[in-house]
Structures are given as structure tokens and as C-alpha cells.
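The values are calculated or read from the model by the stated rules, or taken from the named source; none is laboratory data. In this text, all values refer to a predicted model and were calculated from it rather than measured experimentally. Don't worry about glycine lacking a Cβ; one is built from the backbone with ideal geometry, like all the others, and counts go over all protein chains shown.
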Number of protein chains: 4
Amino acid sequence: MTQIHIGIVGGGYMGKAHSVAMAAVGAVFNTGLRPVLEMICATTDESSERYRAAYGFNRCTSNWRELVEDPKVEAIVIASPQSTHRAISEAAFALGKPVFCEKPLGATLEDSKTMVAAAEASGVVNMTGFNYIRTPASQYARQLIADGVIGDVTWFRGEHTEDFFADPQSPATWRCEGMSNGTMGDLAPHMINAALALIGPINSLVAEVETVHKERPGGKVTNDDHAQMMCRFANGAMGSMYFSRVATGRKMGYAYEISGTKGAIRFDQEDQNALWLYKMEGPEAERGFRKILTGPAHPDYQPFCLGPGHGTGYQDQIIIEAKDFLQAVESGENVWPTFRDGMLVNQIVAAALDSSNAKQWVNIEPLS
Amino acid sequence: MTQIHIGIVGGGYMGKAHSVAMAAVGAVFNTGLRPVLEMICATTDESSERYRAAYGFNRCTSNWRELVEDPKVEAIVIASPQSTHRAISEAAFALGKPVFCEKPLGATLEDSKTMVAAAEASGVVNMTGFNYIRTPASQYARQLIADGVIGDVTWFRGEHTEDFFADPQSPATWRCEGMSNGTMGDLAPHMINAALALIGPINSLVAEVETVHKERPGGKVTNDDHAQMMCRFANGAMGSMYFSRVATGRKMGYAYEISGTKGAIRFDQEDQNALWLYKMEGPEAERGFRKILTGPAHPDYQPFCLGPGHGTGYQDQIIIEAKDFLQAVESGENVWPTFRDGMLVNQIVAAALDSSNAKQWVNIEPLS
Amino acid sequence: MTQIHIGIVGGGYMGKAHSVAMAAVGAVFNTGLRPVLEMICATTDESSERYRAAYGFNRCTSNWRELVEDPKVEAIVIASPQSTHRAISEAAFALGKPVFCEKPLGATLEDSKTMVAAAEASGVVNMTGFNYIRTPASQYARQLIADGVIGDVTWFRGEHTEDFFADPQSPATWRCEGMSNGTMGDLAPHMINAALALIGPINSLVAEVETVHKERPGGKVTNDDHAQMMCRFANGAMGSMYFSRVATGRKMGYAYEISGTKGAIRFDQEDQNALWLYKMEGPEAERGFRKILTGPAHPDYQPFCLGPGHGTGYQDQIIIEAKDFLQAVESGENVWPTFRDGMLVNQIVAAALDSSNAKQWVNIEPLS
Amino acid sequence: MTQIHIGIVGGGYMGKAHSVAMAAVGAVFNTGLRPVLEMICATTDESSERYRAAYGFNRCTSNWRELVEDPKVEAIVIASPQSTHRAISEAAFALGKPVFCEKPLGATLEDSKTMVAAAEASGVVNMTGFNYIRTPASQYARQLIADGVIGDVTWFRGEHTEDFFADPQSPATWRCEGMSNGTMGDLAPHMINAALALIGPINSLVAEVETVHKERPGGKVTNDDHAQMMCRFANGAMGSMYFSRVATGRKMGYAYEISGTKGAIRFDQEDQNALWLYKMEGPEAERGFRKILTGPAHPDYQPFCLGPGHGTGYQDQIIIEAKDFLQAVESGENVWPTFRDGMLVNQIVAAALDSSNAKQWVNIEPLS
């Protein structure tokens, strides 16, 4: 076991989640590289010191360049606002340091393209943080589809729905401005990433993006509350996606349903330890969707929990990400999803916004 | 209690369902009009006699005009193929006889317009058979929305999905030809009717219609296997619908989810005695979707079953339709859904096919 | 098809349910014997006439002997209070007329023994009305167990729970007096019958019977509100049952869970069209309880509904009973459950009451 | 923030779980005391060193006395076999060191009584590790009952069922011998603890304990595979519990259903982020069990996860335990469940075994 000194930029929710993950991952997965919480960076000296103490880092700074350039810091986790992702990752790649960057990758598609180019030019490990796809259940879904268990996919329906702005009387916040803080910028990337991971590339789409409540106590809302798209995948499957922050009653509605020529899959993150599988085989009378509870037989579950049904939670997804990132760094081989995968999500988001403005179908060209 | 002599055109599945309903409805709902199973009509003399005996009718014929014109027959139920709906109903209306016609109303939008004109000119009772919306659960959903319990509706997602053609090796049948036998003609009308009934008129839509398996053992498939649409309702709500006969694992996927500014509703016909309701009120910690089991407190349940949770099934929907039709005939007042409602469904189906062909959004004009 | 003239004693809930069933069963199941609703008997001339008209009988009487002895009446359905079951069935058997008698069979175990003796001496068809076990789902459960699909049964848990007396402020009614109106007399027989049907004879048991709310507005409660038992089946399985009319939130909690050495089964009447099956076979990762929706592949479903997932309701159970009774009468061969099966349920109920009084385990001796 | 040096005895499953928890708890809950992983003890020098490196401890030993007596070790976590609990905790209390001891507390009721006496004599903090009751959902259930939300409890049904020995062909292991390794020793304590925590003391019980598969490949089975009890609580509620390691299909069947005079609660650990609540209030038509997803509004959830529905997993329960233990040590005030609570569970287990042997009801006397 070798130590690796980690620097994390950002001390808020995701900064905390990644700090906890780096503290726990070694014991949980018995990783070859053992993280040392070396340095954390937040916006002020005061907040940086507060996070340092709370999360157990050795040192802190309010200047992300200092963190990136610090000779002891060997790998960077970016958990700061989206607008900062490009500059920080470029600086890290320039020094040949591996980067784990939270989703959505770039503030614009152009930013993402630049980041991918920098990552690939440097040749170091790069990874984008789409945590939800990393549950044992969703990883198993991906494996089942890849193995042909449900045959050729004919239909995909995905949603990422929550209700944190469902009440029209909820006051306006910073989330009410800026495309990247709206539903398409904030929630859609998770499910678009899932669609690309589970089904494959998207060829064309038509989308609608809408602000439902244009005024809230304390201010105007200038970005989208919900959005939907119809799409066609490269493999011919038809798809539908919906994203909403006004989906009353939905708390973590990251959910999908997939039909294939031999079976079907259903998943809802609100019960994240269950995957529903239907197989068109055996006696008709015995067929039905089976509720599979994740356990040691499923990806990334075994070293974590005692037995089937013990259950993983939100933090566990982040620990699995940390494990994968550490293994990539150790081996020098990238692990999915790379920056390129993050960029592909940016592309679909941009196309959906275009489609909504133009009120027409748009084609998705493969990125070089 | 007064007798009413019923003639049913069609002896297959729906003919049987309506025959059973007419035999049972009097006792179940203690109706003022009591049906007498007077005459049934099927395609041959032999099949007509077989159905007559099996279902308990007094007489039979293989000529629907004979049935319609028979002086003892006072009301007509049309359960024959869609292409025959127009002629039969026109003949009945010309004689001033009330008509219950199975969905979808007309073989074309033009047929339906003509049928509506005939119905309204005659002034007699006319009704279209959208049975699924008549469960106590879906009637209660309609009432909750109308009463404002979930506030202003912002989102509607509906599907009617089954898997009877999911297996690519299922042989071709008569269902594989003719637009009215495809998914848009056969399954979509039920859910479009639900959308119109629950949310209101649709202003515009964009749709996709597709044949997934173009060849089957025994022949080609020339109509659609599945279809989807995005739409916008007149009240501003955003909507999405999906229809499929290749939805592996789905047996009766007539399902909808509705978000509003004060609550949300979910329903799936595969558990047709439950309606899920979320209300954004009370302590945050106590909020959740509640699973309401239909019982005497819900529409059209009470006279039927002993208590809450006893449960209604498919046949019960048809009995409720029979009750409503008899009450309309007795009072002379039409009961929803009339022929006009059936025509509005035809209109949306036609618009969806247009949109799919043109690959663009289409507007829905109000019908006079 | 031959006609059979039916006489029904009792015009209340179950009288209505059986009347509707007899009117519908011929068309639904295309039975060889076709019921004619010949005569109904209620407590007064006035109520008898009201029921006659409402349910569509030819004649009525307020004297059950007149009904039983009427030369046109060929088969008897007893849906009157439990205290009358013995006398009516004895009179019918004396005349060689087949009897369908509602559960619980006799007011006492002694009554039931006498009724069984009369039935068996007469040699005519006799049947007890345990309707819930007749859903396609529960019949399929029985078949799966008999076929060894879940291996040797090791555990059975059953309940019949409702909440019609959950509110302590619900006023006292006739149900609050008399052992046969309490939970053990009214609800327990259904689930005890299920246990005997699914698992087999019970060898010993220990039970507790309790009145939770001893006073209600308007009077005292002198029979039981809920009861539980632990038992041991003849095949070695361990069992547990619970019965309650104060189970807040439970509307039709007729539910069971069964573990075997190769699989498991779960059922809840509140979702009566689903049976949950777990099979300990195939890859560990793919195992899970599957939710089987009843359809044409399951017992007694096919002739009834259009396809899988269309769904059966409460009334459908009664129609299935009517079909089975008619077939038994036609063939002269008894169909399960006979009066003897009804008596075995009485025996377990009596033993449970004994056990509760004595606060100790009791053994169940096989009845000759 | 002050450091506290932790010694953990036992390096297996629970040793790992507590090690991970101690590494993560500071950042997760921002605790005042920050654990230092000082020393771990396993059975051999080699395994101790392996665990030390894997979990990140400073030092290790194969002699638990050395760990307990080490001057740097300030608090002890006992995660070694049950037979060692008494000696280790007595040694720790003698030195005035706080102890967290895994369930079940003592190998016998006598052991537990001695341990409680030692704990109370020393005056230091002591806690028993019943992790499942610490989910936000189960803590919230406890709070709802305590607050009277479901009124007076009338019925409790609990189970702890798994299927790790469901297959008769699973080979014999060390779990097949010794009462403390059977179902009553291993699984029952969790649910008995829940029953005591949610409902209160038990006054009397009757139980059955059984070995289903007496031979397995590789050896005999001499302890119990499953067990059940009926019980009566001090507050008058009736109760039933079932414990099994042969419950085919059940992975983490820690589940309970509670009926009260105003509402009801249901929980199943297989979906550990949901609590089902029924309230007997509001319009009858709107009543139903609501599925509450745990979130920041529920106990011990807020500092952990980002929002409602993000979800907790198995490891999170252990982290909550660690937080509670650290807070107890910091404040000097014991936190439920103490050693005394662990002893009460031992008492019920012992009484159930007595009852099963004697085949009769037994009374539970309050322990001084």
C-alpha cells in the first residue's frame, strides 16, 4: 500500500462528500493507493480552515493554484463551481497531475472540448463525477444490457426529478439564474450520462425547456424548472427523458425503464438497492418483474457490506468513485467516465437547448 | 324498474364483455332501466347463434341492419370492427336509438366528425367506450384534479404499454396491418382520452411512430409497434405520452403520473385498485405518496363491493359503463364520454401521425 | 346447455354477490348448466320482494322451507346468518338438492359435523364458500406448492386484517356480540382455510384472542377484536396467523408469506392480481421476488378477461365459485372446498378459542 | 475538536465496519471528539497486522489485554466473538474506559448481568451495538410512536429473516453450533431490541425454536434455523415475532408492522430509506399508507446526505452509532442503548428458549 496525497478544491456538499470518501475508501475497498487528505481549498481563508479541521485535512488554502501547484499534492478533486472547472483542470494537467472533476464537466461545450484536449494531451488520468450511475444496481443494469440479457433495446425512458422548487412560494436563490443552475444544467447531466452509458450514443433529439414559476418571493427565475426530450439512439432505440425540480413528491427521481427484445429493466434511485428485471423466458405463468436486491453478487458491492440486502447509500456511490479514481491513478489506465464522457453529456445538453429554442428536431454529430 | 331491450353488434371479446355487463348491471347498481339481452349480431349465422346461446340473448342475426331496425331493440351497443362504427351508428341515430360505441370511435377523423354530427342532429344519447378511465381510482383522480387538490397541473406523463408483440418471433396476425390496428389506433386512444379527461385540451404536439419489427414469421408488419409524443396542454402543462405493444414485461401498462403545484398523483392499471396521492402539506417529515385503496368512499365503487379493498377488475369497468349508459338513456342526458369526446381522441391520433411523418411540431385546432 | 333453477337464501351482501354471479357465470365461463334465478328468500315479505326485483329473480318468499321445498328449485345457495346454515342444508340434503353454503359453515363445530354427515349421507354435491382462495393468484399459489416449485414448506405466515373497527369511536353494532361475529368467527375462517389448502392439516396450535376496545359508543363489545396463533402443520412446517378488525390502515389484508426449501411465495389481497414468487435457481445476481400478474396462463382467468393484467375483482371470485358449483352439480363430483373442508376450519377456530382460554398449546385430532 | 484514541477488538466484518465508521464519523457529523485509529486486535499477530494496514490503525496486537491496558487507548470497541465480551468489558471498566460492545451483549444472561453491574459500578459510558434501529427511518418510527401519532399501540409484528442457510445443500459452518450462533442468538436480538425500543417491555411470551435442516454437507446442525414467539407487552399490546436464517428470498428482512388506535407504521430494512405511515384522519377517500422517504427532516439524516431521498446504507448505521458513542463519551452521559438495554434483550432470548423447551407461556420479571 502506497500513500497518495489528495487536494480537493471546494468544501461544500460535494467537497465534504469527496473528503469523507477519501478517508473511508482505503479500508472499504482495501485499495493499493491510500489517500492522505493533504490540502483543501475554499473561497476564503476562514472557510478553508473550517473545512480543513472539519474534514481532517493536513493543510488548506483559499487559492486553488497554490493547491494545484503544491509539490505534495499528487491528485486533484474538483468540487468547486462549474465555471472554475476548466482553469483548474488545465493547470493540473499542465503539471501532469490526475484530475477527478465533478459533473457537469464544463460551463459550456467549448470549455469541455478544451478540457478534454488538455486531458488527452497530458496523458494523465481524468474522470468525471457521475455518482448515481455507480450504484451496484445501475452498474449491474449496464452489465445486463451489455451481456444481451434483455436483447436489443427498443425503448429507454429516463427521468431525473426532484421537488426542491415545487412549491411556488419557495424563495428565489442563486439556483434561479444561469443555465448551468437550471434543470438542464444541474439534473439532466446525470440522466443523460446514464442514457449514454446504458444505451449508447444519441443521434437526434427534440426538446422543450420551460420555466414554470417565473417569479418567486425575492426574485425572478430566469432558468428552466423542467424540460423534456424525445430522442433516437444510434442503435435504433427510441428514447424519452424528463428533468424537473418541480416534480412534487419526488425526492430522488433518478429513474429509468428499458425495454428490449428479450427482457426489460426498471430502476428508481428512491429505492437504490433494488433493480427490477424481466426476462422473457420460462413458463409464461411464472414470468414477472423480479426485484433484485443488490448484494455481493453485484458490481462494487462485495467489499463494502456484509451481505445481500445490507444496502448502500448516497455516500457509498462517492466512495466507489474514489476507489475507481485511485485504481486508475495506480494503473495509469483511465476508468469510465472520463472527461470525454463528461463532454458528450455537455453536447446533448447544448443540443437540447438549441432544439427547444428552435422548436424542432436537431441532429447530434459525433465529436472528434 | 323498466325493461330496455338491448342489441349488441359484435360477439368477440368486447361483445362478450358488454353482454356480461348488461346481464349483471341491474343487480349490481340497482338501475332503473333493466336490460333484456334481446339480439346479438356477428359475422355469420353460425357464430351469431353460438354467441346468442353462450351469452343468453333471445335472438340473433348476421345482419346488423336487421338488429338496428328490429322494433324490439331499443338501444345499440357497437362492439364490431372500427370500420363498421360509422354506418351502424348512423342507422341507429336515424331511428332515434341511443348508441354506445366502442373506442376508437371512427376509422378516420372524418368518420368521427360525421358520426358526431349524426348523433347531435338526432338528439339521442351517445357514448364512447373508454373503459379504463372508469375505474374508481381513475375517476377519483379526475375528481381530485378538478377539485384543485394537487393545484395547477405542470406535468403529465401517460403510457399505455403492453407486450403482446414484444417477442419478435410472435407470428404476424391481422393486427400487423392497418393504422387502426397499430399502437396509435389500438392502445393510444385510451391514454389520450385519459389525458384529455384529466388535464384538458392539447394545444400542440410532436410525435414519433415506429415499426420495430418489420417482419414476423408469417408476414410483414406495416403498422406501428410503438409511438411517443411530447405535447403542451391548453392550461400550460407539459406532457409526454408513450404507447407500445412491444413493452416487454408490461401486461396492462395504462399508467400516468401528474405533478401539480400542490401535490401529485400516480396510477398504474396493473394495480387498478390503488391511487397514489402526494399532498404538499403538513410537516415535511410526514410527507409521502400515500397508496389509497379504492372503496366505498370513491366514485362508482360503493354499490359494487363489500368494503374498501375488496377490489374491482376489468369486467367491473364495463359494468360501470353499462350503468352510465343506462342512466343516460333513462334521463335523456348524455354522460361523458360522448361521441364528441371520442372524436377529440381521433383528432389527436391523426395529428400525431401527421407530426411523425413531417418530423415536426403540429398545432391542434379546436373542433367546432 | 341446460337450465338449472337456483334458490338463494339471504338477500344481503352475500346474497347480492351470489345473485350477480349466477346471472353472469354462464356467459363468462360458458358453463354447461345455465342458472335461472328462480327464487330468493329474505326475512320479511317486503325485503324478499325488494331483493327479487333488484336482483332479477322470478319469485320470492320469506320462508326458507318454502324455497328449499319448491319443486322448481334445483340447487340452494345459503347466504343467510350462520345460525341458520344447519337447518337449511339438512332440509336440502333430505330432498337430495345440492347446497352451496357460505362460510363459516356451522355455528358450532357440532353443527358442522352434523351438516357434513347429512351431506355425505345424501351423496349430493356440497360446497363451502371461501371466496378469497379462488382468485387466480391464490389458486396458482396452491398449484405451485403442490408442484413442488418452492420445495418443502418450512414456514407459513397468514393474516386476515381489516380496520372497520380500528377507530375506538366507531359505534357498537351487532358485530360486537356473539363469537361467530368476532374476528375468529368472521375473518379467521378465510385465512385458516387458505392455510389448510396451501400447506395442509394443522397438528397443534397455541392462540390468543382479545377484545381491544371493550366499550364503544352505544354498547359493550363482548367478542374478539383480534387474535393470533402459532401452529405446527402435519408436514412439519411452522406457522403463524393473525386476524384483526382493528388493524388500522388495512382494508383487505388477506395476506400470506410461505418459505420453502427451493423458493418462496407472497400474496396480499390488496393487490389481488399479483403473486410474488422467488425461486432459488439461476445466477445469484439475477435472483429476486418476481411480481407475477395473473393472466390467461393462470387458473380460472382465461375465459374471463382479455389478457394478462386486465385484472379480476371481488365479484369475480364469486363468479368462479358459481362456476365450480355448477360444474360439480353437472358432473355429480364434489369440488373443493366441500362441507368437510368447512368443518375442518370450524375445528381450528374452536381449538384456537380453547387454547386462548387455557393459555396453552392444544393438539388437533384428525376428524373421522 | 479533541482527539480520542480508539482501540478495536476484532478485525472481521464488524471490526471493519467500526474501523470505517471511526475514520469517517468526524467529517460526516462534525463531532467534537475526533477518533484516532490507535490499535486493533485480532487473533494472531499476522491477522492483526493485516487488519492494521488495511484499516489504517497506528498499531496492532493479538492480545486484547494489551489493547485494553494500553495507555494511549482511551475507548474500546468490542467486535470480537460473544464469548469474549464479558472479560474484555470488565477489564475496560476496571480501568474506567468507555466501552462500545457489539450485540448480543453477553454469551448468557448471567454474563450480561455481570457486565451491566461492572459498567454501572464504574460509571463510565457503555453502549450496545444494535445498528439497525439507528436508521433515520426506524428512529423516526420510534419518535412517531412516542409522540402518540399512531395512538395506543395494539399490535406489533416483527421479523428478522434472511436466507443464508435456506439452501439445505449449503455446507455446515461454525454458525451451525452453539446457541449464540443460531437464529435466536444471532438475528433475534436485533428485532427484540426494536420491539423493546418501539413498544416497551414485554410481560410474557410463548416461543418455538427449531432446527429445520439437522444435517448439512460437512456436519450436523445443533442450533436453531428459525424461531417464533407470541408475546404481550406491558402496555397491553399483542405481539408476534419471527426469526429465520432459512427464509428463502429474504436478504435483510428486518421488518415490522405496528397498529395503533390512530394510525399504523410499516418498515422493511430491504428498503431502508422508506417508512410507511397511515394516519386515521382527514377525508376517508384520501387515506392510505404514505411512503415517507427519509431526508433532512428525519433523525440523524441531515448532516449526512445532500437532500431527501439521497439515501443511507448499512455503513451509515454504524457511523451513526460511532457518532452517538463519541457524543456520550464527550458528555459523560450514556446514550441509548446501554449495556442494560443489551441485557434486556438477552433476557427475552433466554425466556424464549425456556418457553420453547417447556412448550408453555413464560412470564418476564423486571430486572433490578
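Structure summary
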quantity: Residue match in the stretch B:161-170 (condition: within 28 Å of A:Ala166 (Cβ to Cβ), modelled with pLDDT of 95 or more, of a type outside the set (A, V, I, L, M, F, W, C) and not in a loop (DSSP other than H, G, I, E, B)); calculated: yes
quantity: Matching residues, the stretch B:71-116, being surrounded by fewer than 19 Cβ atoms within 10 Å (Cβ to Cβ) and closer than 19 Å to B:Met14 by Cβ; calculated: B:Pro81, B:Ser83, B:Thr84, B:Ala87
quantity: Subset tally (residues that are crowded, with 23+ Cβ neighbours inside 10 Å and in a strand (DSSP E or B)) for the stretch B:268-281; calculated: 3
quantity: Residue within the stretch C:165-176 that is touching a Phe, Trp or Tyr at 6+ places or on another chain (Cβ under 7 Å) and within 22 Å of C:Arg250 (Cβ to Cβ) present; calculated: no
quantity: Matching residues, the stretch D:66-97, being in contact (Cβ under 8 Å) with a residue 12 or more places away in the chain and farther than 18 Å from D:Thr114 by Cβ; calculated: D:Glu66, D:Leu67, D:Glu69, D:Asp70, D:Lys72, D:Val73, D:Glu74, D:Ala75, D:Val77, D:Ala79
quantity: Qualifying residue in the stretch C:115-132 (condition: closer than 30 Å to C:Lys279 by Cβ, part of a helix (DSSP H, G or I) and under 19 Å from the mean Cα position of the chain (by Cα)); calculated: yes
quantity: Given (1) part of a helix (DSSP H, G or I); (2) over 22 Å from D:Asp152 (Cβ atoms); (3) more than 10 Å from every other protein chain (Cβ to nearest Cβ), index of the condition C:Gly158 fails; calculated: (1)
quantity: Pair list, Cβ < 7 Å and 6+ apart or interchain, from the stretch C:123-141 residues that are not assigned by TED's automatic domain parsing to the domain that holds C:Lys97 to residues that are in a strand (DSSP E or B) and surrounded by fewer than 23 Cβ atoms within 10 Å (Cβ to Cβ); calculated: C:Ala137/C:Ala274
quantity: Checklist (1) in contact (Cβ under 8 Å) with a residue 40 or more places away in the chain; (2) touching a strand residue (DSSP E or B) at 6+ places or on another chain (Cβ under 7 Å); (3) among the small types (Gly, Ala, Ser) applied to C:Gly200, failing item; calculated: (1)
quantity: Pairs where the first residue, in the stretch B:318-344, is in contact (Cβ under 8 Å) with a residue 40 or more places away in the chain and the second is of a type in the set (Asp, Glu), C-beta under 7 Å, 6+ apart; calculated: B:Ile320/B:Asp300; B:Val335/B:Asp324
quantity: Residue list for the stretch A:55-91, restricted to those being assigned to a helix (DSSP H, G or I) and within 14 Å of chain D (Cβ to nearest Cβ); calculated: A:Tyr55
quantity: Residues located in the stretch D:268-297, provided they are farther than 30 Å from D:Phe165 by Cβ and within 14 Å of chain A (Cβ to nearest Cβ); calculated: D:Gly288, D:Arg290, D:Lys291, D:Ile292, D:Leu293, D:Thr294, D:Gly295, D:Pro296, D:Ala297
quantity: Matching residues, the stretch B:283-302, being in contact with a strand residue (DSSP E or B) (Cβ under 9 Å, 6 or more places away or on another chain) and assigned to a loop (DSSP other than H, G, I, E, B); calculated: B:Arg287, B:Gly288, B:Thr294, B:His298
quantity: Residue that is surrounded by the fewest Cβ atoms within 10 Å (Cβ to Cβ), among those in the stretch A:244-267 that are more than 14 Å from chain D (Cβ to nearest Cβ) and in a loop (DSSP other than H, G, I, E, B); calculated: A:Lys262
quantity: Filter result (of a type in the set (Lys, Arg) and surrounded by fewer than 18 Cβ atoms within 10 Å (Cβ to Cβ)) within the stretch C:41-70; calculated: C:Arg50, C:Arg65
quantity: Odd one out for A:Ile145, checked against (1) under 30 Å from A:Glu330 (Cα atoms); (2) away from chain B (no Cβ under 14 Å); calculated: (2)
quantity: Single unsatisfied condition, B:Ala137 versus (1) out of contact with any Lys or Arg (no Cβ under 6 Å at 6 or more places or on another chain); (2) under 30 Å from B:Arg216 (Cα atoms); (3) buried (at least 22 other Cβ atoms within 10 Å of the Cβ); calculated: (2)
quantity: Members of the stretch C:306-344 that are more than 13 Å from every other protein chain (Cβ to nearest Cβ), among the aromatic types (Phe, Trp, Tyr) and crowded, with 24+ Cβ neighbours inside 10 Å; calculated: C:Phe325, C:Phe339
quantity: Which listed residue, of D:Thr261, D:Thr211, D:Thr183, D:Thr173, is in contact with a Lys or Arg (Cβ under 7 Å, 6 or more places away or on another chain) and of a type in the set (Val, Ile, Thr); calculated: D:Thr183
quantity: Search result, residues across the stretch A:1-38 that are polar (S, T, N, Q), within 8 Å of chain D (Cβ to nearest Cβ) and over 15 Å from A:Ile78 (Cβ atoms); calculated: A:Asn30
quantity: Residue list for the stretch C:345-368, restricted to those being part of a helix (DSSP H, G or I), touching a helix residue (DSSP H, G or I) at 6+ places or on another chain (Cβ under 7 Å) and within 14 Å of chain D (Cβ to nearest Cβ); calculated: C:Ala352
quantity: Output for the stretch A:245-255, where each listed residue is closer than 14 Å to B:Tyr278 by Cβ and hydroxyl-bearing (Ser, Thr, Tyr); calculated: A:Thr248
